[in-house]
Amino acid sequence: MSEGIITLKKGREKPILQQHPWIFSGAIASAQAADPGDIVTVVSHDGRFLARGYWNQKSQIQVRILTWQDEPIDEDWWRRMLKRAAEARSLQHVTFEQGDNPQAAYRMINAENDFLPGLIVDRYADWLVLQALTLGIDKRKHMLADILASLVKASGIYERSDVDVRGKEGLKSETGILWGEIPPEHIVIHEHFVQIKVDVRNGHKTGFYLDQAPNRHRLYNFITEDFDEGFCQVLNLFSYTGGFGLHALGAGGVRVVNIDASMEALKLAEENVALNQLQGEVEYLQADVFEYLRDAVERNEQFDIIVCDPPKFASNKQQVERAARGYKDLNLHCFKLIKPGGYLMTFSCSGAISPDLFQKIVFGALADSGRQAQIIQHLGPGGDHPVALTFPEGAYLKGLLLRVY
Ligand code: SAH
């Protein structure tokens, strides 16, 4: 079958020339037959070559661009791109950990941000977990798994394509083994100085929130630097399996209250504390964070540090306003619960909320609380979650470390 050709409307080539990887249906003048998921060549209205990518008529994003060079997208191309992304991580990893760590965990392929739209691959010790977000990737996932297995030493490659966005591509959820052995119930990874049990088959996302690794480390650092004299009370909101709490406990002299809606997550949080033989007082509360906060304010509770890492509130522009109200409400309550001189580490992982807007929302909450706050640091994901400069949508995780008076 010959390769399909997508011709753009006149004047619609600018984003492509600026290397944005998405082409929406509205920019397309005509589409010359390609099978869904197949490679297409994108040309300007007067027939000039612009890019090559994969096609899915069912999606609003009809083409995701793979290359801006006039080159074939064959198995060799995929191998080169996967290798480049994997090698970038191993370099970083060796620098950070002073040698290869068999329990390392990090994002190896970050989709559009690694110029591989629709493909997520996370490494958890000996296992890789692959997420195919689009039809173009779904169709090639077995080939991609074979290439990955030849590039990195792995016991198995497990698929966790159970995400809602696949619906927009006309795809259903799929999970299961793509290559090698089935992962065990828990894989134990190493993050900074703690061991963490990860359930890659049933946990959230691919099993763990790897993007927060540097911020968990930051929490440990400022507890050790700023609180070594007294007892430090930490409220870990949306704790999941306890990641931030484990790092706080590691600093010593700490009481941690973990709050999450998921009992399975809290159970694993408790197992993680035991696994690391951490000292300190820990509580695990299954609760709705919004309700907990309202009650805690009524009880006049006070904490030295609050970590607030909610799930994504806005998946698109239409949801931004409602999400903003949610973030404001949360942060307002957090401000009320912080001891003067304490800290708030607050996050948003909504791609539709820009760092600027997030800061404005937190400012709004501060104004209503009557407190004072300073930005100590702007926070984001680690270098294993790069953001392509041509793809601002990739900067989904943003946060602020604030000192509150
Ligand atoms: N901070 C965590 C990741 C948090 S992810 C880490 O470092 O690993 C968001 C978590 O919020 C999930 O575990 C989810 O179960 C929980 N959650 C979502 N909505 C909630 C709510 N209304 N109340 C309490 N927990 C909630």
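Select from the range 196-224 the residues that are open to solvent by 20 Å² or more (accessible area, probe 1.4 Å), of a type in the set (Ser, Thr, Tyr) and more than 10 Å from the ligand (Cβ to nearest atom) and list them in ascending order.
Result: 220, 224.
Within the range 240-289, which residues are under 27 Å from residue 326 (Cα atoms) and part of a loop (DSSP other than H, G, I, E, B)?
240, 241, 242, 261, 262, 287, 288
Checking the condition surrounded by 17 or more Cβ atoms within 10 Å (Cβ to Cβ), acidic (Asp, Glu) and either away from the ligand (no atom under 14 Å from the Cβ) or assigned to a strand (DSSP E or B) (or both), which residue from 304, 368 passes?
Result: 304 is the single residue among 304, 368 that is surrounded by 17 or more Cβ atoms within 10 Å (Cβ to Cβ), acidic (Asp, Glu) and either away from the ligand (no atom under 14 Å from the Cβ) or assigned to a strand (DSSP E or B) (or both).
Filter the range 166-181 for residues that are surrounded by 18 or more Cβ atoms within 10 Å (Cβ to Cβ) and in contact (Cβ under 8 Å) with a residue 40 or more places away in the chain and give the result.
169, 178 - these are the residues of the range 166-181 that are surrounded by 18 or more Cβ atoms within 10 Å (Cβ to Cβ) and in contact (Cβ under 8 Å) with a residue 40 or more places away in the chain.
Please specify each residue of the range 307-329 satisfying the condition of being at pLDDT 95 or above and under 16 Å from the mean Cα position of the chain (by Cα).
Selection gives 308, 309, 310, 311, 312, 313.
Quick check on this structure: which one of 193, 231, 227 is more than 15 Å from the ligand (Cβ to nearest atom), closer than 23 Å to residue 126 by Cα and at pLDDT below 95?
None of the others qualify; the one that does is 193.
Go through the residues of the range 156-165 one by one and say whether even a single one is touching a Leu at 6+ places or on another chain (Cβ under 7 Å), charged (D, E, K, R), closer than 22 Å to residue 73 by Cα and open to solvent by less than 80 Å² (accessible area, probe 1.4 Å).
no
Could you identify the single residue in 207, 167 that is within 27 Å of residue 348 (Cα to Cα) and either assigned to a loop (DSSP other than H, G, I, E, B) or more than 21 Å from the chain's Cα centre (by Cα) (or both)? Spell out how you get there, then give the answer.
Working: 167 fails: either assigned to a loop (DSSP other than H, G, I, E, B) or more than 21 Å from the chain's Cα centre (by Cα) (or both).
Going through 207, 167 in turn, just one is within 27 Å of residue 348 (Cα to Cα) and either assigned to a loop (DSSP other than H, G, I, E, B) or more than 21 Å from the chain's Cα centre (by Cα) (or both): 207.
Given the criteria more than 19 Å from residue 398 (Cα to Cα) and assigned by TED's automatic domain parsing to the domain that holds residue 291, does residue 195 qualify?
Working: more than 19 Å from residue 398 (Cα to Cα): yes; assigned by TED's automatic domain parsing to the domain that holds residue 291: no.
Spelling it out, it is not the case that residue 195 is more than 19 Å from residue 398 (Cα to Cα) and assigned by TED's automatic domain parsing to the domain that holds residue 291.
Could you list, ordered by first residue, the pairs with Cβ atoms under 9 Å in which the first is in the range 296-324 and more than 26 Å from residue 204 (Cα to Cα) and the second is hydroxyl-bearing (Ser, Thr, Tyr), at least 6 apart or interchain?
Close Cβ pairs satisfying both conditions: 304/343.
Can you tell which of 184, 117 is modelled with pLDDT of 95 or more, part of a loop (DSSP other than H, G, I, E, B), in the same structural domain as residue 87 (by TED's automatic domain parsing) and open to solvent by 40 Å² or more (accessible area, probe 1.4 Å)?
184
Determine which single condition residue 122 fails, assuming it passes every other condition in (1) among the acidic types (Asp, Glu); (2) within 19 Å of the chain's Cα centre (by Cα); (3) within 17 Å of residue 66 (Cβ to Cβ).
Only one criterion is unmet by residue 122, namely (3).
The values are calculated or read from the model by the stated rules, or taken from the named source; none is laboratory data. Everything quoted here is computed from the prediction, not taken from an experiment. Don't worry about glycine lacking a Cβ; one is built from the backbone with ideal geometry, like all the others, and counts go over all protein chains shown. Ligands, DNA and RNA are excluded from the accessible area calculation, which covers all protein heavy atoms including side chains. Shrake-Rupley method; radii C 1.70, N 1.55, O 1.52, S 1.80 Å.
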